[in-house]
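To start, the structure itself, in structure tokens.
The values are calculated or read from the model by the stated rules, or taken from the named source; none is laboratory data. The structure displayed is predicted, hence computed values, not measured ones. Virtual Cβ from ideal backbone geometry, glycine too; neighbours counted across all protein chains shown.
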Amino acid sequence: MKSNWWKQAVVYQIYPRSFQDSNGDGVGDLQGIIQRLDYLEKLGIDVIWLSPVYQSPNDDNGYDISNYYEIQPEFGTMEDMEQLINEAKKRKIKIVMDLVVNHTSDEHPWFIEAKKGKENPYHDYYVWRDPVEGDVPNDLTSVFSGSAWTFDPQLEQYYLHLFSKKQPDLNWENEKMRQDIYEMMNFWLDKGVGGFRMDVIELIGKVPDEKVTANGPRLHEYLQEMNKHTFGQHDVMTVGETNSVTPEEAKLFSSEDRNELSMVFQFEHMVLDQQIGKSKWDLKPLNLTDLKKVLSIWQSALKDEGWNSLFWNNHDQPRIVSRWGNEQEYRVKSAKMFAILLHLMQGTPYIYQGEEIGMTNIKVNDLSQLDDIESINMYHERLEAGYSKEEIFRSINTKGRDNARTLMQWDTSEQAGFTSGQPWLEVNENYDAINAAQALEDTHSIFYCYQQLIQMRKNNPLIVHGDYQLLLEDHPTIFAYTRSYQGETWLVVANFSEETTDIALSDHPTSLVPLISNSEKENYDLQDLKLSPYETFAVQLERPLLSGDVK
Ligand code: NOJ
């Protein structure tokens, strides 16, 4: 019997390279994660989403897998992995594996075989096309710059890679390939993992000849087949990374009666600081009313059908306090604002490592400081196109993925307590002030705000099931909403700005004790609210709000 336990759960994402190194080689590893499980237990999370730890040549830091059945040696061994699953289990934490099956590494034995000849049984495991008039089959581009087609001179054919050249796309139309993937998934389920996070899963139904990549015609057929052959028989969670789905499409992935996935992980709110129709590097300021609108549409659309993830950060996104908050004077306050606003919504919240201590972006100004293939490729492409280095680094420092991948800041010792050796990526120099040891000492830290929110979710079905209603939808700086469940109503109000802001909720109690807040105030007068920069609170109301209540 399935319990849908993941509706109450909070997920913590670990990017293993950057979390904790246990052997001094400068790269995070599985034993390092085991050492930090007590910290995660204290935070209160239920699930760890582990970014890929499989064998990989690391062209895209593990999202290019050369063997799904082996652990990357720099991360440890299969015994370490089993130990991690067991040690986590003792603390009631489940391990969700990253499942990267849109593509493999070009060093995966399947691709090596595939290149041997058109008659080779593995050839059709990938997407090959003959040249068209001596050139690429069409103008599909790679997410990491340039054409999505690379020519193999021996076969005289192009293969498709929607990401780097070293990440050839699998051909999901090949049934034998699909069966091999399901077998591999069952291997991990038998090890006792708590589910899968499915990398760019919306792409597996692609029809490259028609330039259809996301949401292709057979996508849902494949997911239903996968469910049936693998996790459908287990009480696990599955989350599909879906970059470009609408709420209606999200229901197709996550409605219970469709037997596909538990939930989607969609990005509509994450592209609001990007110029429409342009790339992630072409920035525009965030408009709060857009953010309120998008988050609210998702809250309402998936209320009774389907399930959504809640997140501000992951390993591909810049740090939220630097992005839409304030990384200086109001760092702690704005980090708590983001936490409270999101964790009191409906959906499964995801915390990305370091978010719980308010880690920030890093500033770089030289190519040698970059690791991320996406940023490096963009740097070369834009330099050639005539952009100045200043412009390029402005984009990278604002949106580049290395911002999320700097070392976890544990304490004030050298390299922030991440490694005793030379780390693979430079540490953010602010680790003296921002680190987990300091956060654990301070009862008012961001860490304890997250801990409290996680506990509140466990103790209050209203957070999991309550109806959501946005208030003040056109207000330029206040984000306010209510949640209501079985006669109980909570009000959440955030001042999403650096200015003090006054608002009034007429005819409402003058002295309400907050359920949670990021200020020192002991009570809130709803008829006369003077909110300091980033001030955020939640209170329980004595009666539901009427639309005319808010001034
Ligand atoms: C999405 C992952 O989150 C990202 O890190 C990766 O580069 C691409 N998929 C390709 O696997």
Within the stretch 332-388, of all residues that are among the small types (Gly, Ala, Ser) and on the phi < 0 side of the Ramachandran plot, the one surrounded by the most Cβ atoms within 10 Å (Cβ to Cβ) is Ala335
Write out, first by first residue and then by second, each pair whose Cβ atoms fall under 8 Å of each other, whose residues are 6+ apart or on separate chains, and whose first residue, in the stretch 308-320, is under 14 Å from Asp273 (Cα atoms) while the second is crowded, with 23+ Cβ neighbours inside 10 Å and of a type in the set (D, E, K, R). Trp312/Glu355; Pro318/Lys399; Arg319/Glu355; Ile320/Glu355
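In the stretch 293-300, is there at least one residue being of a type outside the set (Gly, Ala, Ser), within 16 Å of the ligand (Cβ to nearest atom) and not in a strand (DSSP E or B)?
Step one: of the stretch 293-300, the residues of a type outside the set (Gly, Ala, Ser) are 293-295, 297-299.
If we keep only those that are within 16 Å of the ligand (Cβ to nearest atom) as well, we get none.
Looking for residues that are of a type outside the set (Gly, Ala, Ser), within 16 Å of the ligand (Cβ to nearest atom) and not in a strand (DSSP E or B), one finds none in the stretch 293-300, hence no.
What residue, of Lys176, Lys206, is out of contact with any strand residue (DSSP E or B) (no Cβ under 7 Å at 6 or more places or on another chain) and either touching a residue at least 24 places away in the same chain (Cβ under 8 Å) or at positive phi (or both)?
Numbers: Lys206 fails: out of contact with any strand residue (DSSP E or B) (no Cβ under 7 Å at 6 or more places or on another chain).
The conditions single out Lys176.
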Is the stretch 148-160 home to any residue that is among the hydroxyl-bearing types (Ser, Thr, Tyr), away from the ligand (no atom under 16 Å from the Cβ), assigned to a loop (DSSP other than H, G, I, E, B) and modelled with pLDDT of 95 or more? no
Of the residues that sit in the stretch 123-147 and are at pLDDT 95 or above and hydroxyl-bearing (Ser, Thr, Tyr), which one is farthest from Asn102 (Cα to Cα)? Ser147
Quick one: in the stretch 107-147, of everything that is surrounded by fewer than 16 Cβ atoms within 10 Å (Cβ to Cβ) and in contact with a Leu (Cβ under 8 Å, 6 or more places away or on another chain), which residue is nearest to Ile204 (Cα to Cα)? Arg129
Qualifying residue in the stretch 61-74 (condition: in contact with a helix residue (DSSP H, G or I) (Cβ under 8 Å, 6 or more places away or on another chain) and hydrophobic (A, V, I, L, M, F, W, C)): yes
Of Thr246, Thr242, Thr238, which residue is among the hydroxyl-bearing types (Ser, Thr, Tyr), away from the ligand (no atom under 16 Å from the Cβ) and under 22 Å from the mean Cα position of the chain (by Cα)? Thr246
Got at least one residue in the stretch 176-183 being assigned by the TED database to the domain that holds Leu84 and within 16 Å of the ligand (Cβ to nearest atom)? yes
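Given the criteria surrounded by 19 or more Cβ atoms within 10 Å (Cβ to Cβ) and small (Gly, Ala, Ser), does Ser532 qualify?
Numbers: surrounded by 19 or more Cβ atoms within 10 Å (Cβ to Cβ): no; small (Gly, Ala, Ser): yes.
Here the answer is no, as Ser532 does not meet what is asked.
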Close pairs from the stretch 362-378: first away from the ligand (no atom under 16 Å from the Cβ), partner part of a helix (DSSP H, G or I), Cβ under 7 Å, at least 6 apart: Ile362/Asp402; Ile362/Asn403; Lys363/Asn397; Val364/Phe393; Val364/Ile396; Val364/Asn397; Asn365/Phe393; Leu367/Tyr379
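Residues Ala494, Ala480, Ala437: which one is in the same structural domain as Gln20 (by the TED database) and outside any loop (DSSP other than H, G, I, E, B)?
Values: Ala494 fails: in the same structural domain as Gln20 (by the TED database); Ala480 fails: in the same structural domain as Gln20 (by the TED database).
Ala437 is the lone residue from the list that is in the same structural domain as Gln20 (by the TED database) and outside any loop (DSSP other than H, G, I, E, B).
So, of the residues in the stretch 302-340 that are small (Gly, Ala, Ser) and within 18 Å of Val10 (Cα to Cα), which turns out to be nearest to the ligand (Cβ to nearest atom)?
If we filter the stretch 302-340 for residues that are small (Gly, Ala, Ser), which is where we start, we get 306, 309, 322, 325, 334-335, 339.
Remaining after also requiring within 18 Å of Val10 (Cα to Cα): 306, 309, 335, 339.
On the way: Gly306: 21, Ser309: 13, Ala335: 23, Ala339: 22 Å.
Among them, the one singled out is Ser309.
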Given the conditions (1) surrounded by 16 or more Cβ atoms within 10 Å (Cβ to Cβ); (2) under 25 Å from the mean Cα position of the chain (by Cα), which single one is not true for Pro461? (1)
Residue tally, condition surrounded by 23 or more Cβ atoms within 10 Å (Cβ to Cβ), among the aliphatic types (A, V, I, L, M) and more than 13 Å from the ligand (Cβ to nearest atom), over the stretch 186-218: 0
When Asn58 is run through (1) in a loop (DSSP other than H, G, I, E, B); (2) within 16 Å of the ligand (Cβ to nearest atom); (3) touching a residue at least 40 places away in the same chain (Cβ under 8 Å); (4) not hydroxyl-bearing (Ser, Thr, Tyr), the failure sits at (3)
Only one of (1) closer than 17 Å to Gly195 by Cα; (2) part of a loop (DSSP other than H, G, I, E, B) does not apply to Tyr68, and that is (2)
Of all residues in the stretch 93-112, which are touching a helix residue (DSSP H, G or I) at 6+ places or on another chain (Cβ under 8 Å) and either more than 16 Å from the ligand (Cβ to nearest atom) or under 30 Å from Asp46 (Cα atoms) (or both)? Ile93, Lys94, Ile95, Met97, Leu99, Val101, Asn102, Thr104, Trp110
From the list Ile454, Ile446, which one is farther than 24 Å from Ile297 by Cβ, among the β-branched types (Val, Ile, Thr) and in contact with a helix residue (DSSP H, G or I) (Cβ under 6 Å, 6 or more places away or on another chain)? Ile446
Looking for whichever is within 27 Å of the chain's Cα centre (by Cα), more than 16 Å from the ligand (Cβ to nearest atom) and more than 26 Å from Val239 (Cα to Cα) here; the options are Glu74, Glu70. Which one fits? Glu74
